[in-house]
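Following: one structure in structure tokens, then a few remarks.
The values are calculated or read from the model by the stated rules, or taken from the named source; none is laboratory data. It should be emphasised that the depicted structure is a prediction, and the values quoted were computed from it without experimental measurement. Here the Cβ positions follow ideal geometry from the backbone for every residue, glycine too, while neighbour counts run over all protein chains shown.
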Amino acid sequence: MAKEQIPMQEPISYEIGLKLRDLEESERLMKERVIMIGNNFIESQDKNRSEIIELKKIIYELQSDTKRLKEIIQSLSEEIEKSARREEIAILSRQFKMFEPLHYARIEDIDKIVEEKINKHNNSKNKEELIKDDKKHEFWRGKV
């Protein structure tokens, strides 16, 4: 009977050995997978850290840009407040049109016109008419 039990133990131990090898192989595969998952996790964590650092830099740049833009807008608004408004320019334009300095005659131009008229009238008018005409232009000569 003892001999009969030994042959049965061999197939059982063989099966146990196969199952043990299968379990060891699956354990080894699981270890490799866990190590691979851990490495992937570390890589993704490093990648996320570098992205966070880059995003922080971008946010800091954006904050400094917005701060600079606010300062520029504020200085521009202060300059606009200092500049003339449309109403003020319209008032100055009306005042300029009232005086129209280009329409005023220079004294030399008036003297020239008077001399031309005198020469013209000397030929055709008598002296009394010239005196009357001369009185009309006394204002321009500054005699009035």
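Quick one: which of Glu129, Glu108, Glu115 is surrounded by fewer than 10 Cβ atoms within 10 Å (Cβ to Cβ), assigned to a helix (DSSP H, G or I) and either out of contact with any Lys or Arg (no Cβ under 8 Å at 6 or more places or on another chain) or at pLDDT 85 or above (or both)?
Glu108
Quick check on region 87-97. Is at least one of its residues assigned to a helix (DSSP H, G or I), more than 26 Å from the chain's Cα centre (by Cα) and small (Gly, Ala, Ser)?
The answer is yes; a qualifying residue exists.
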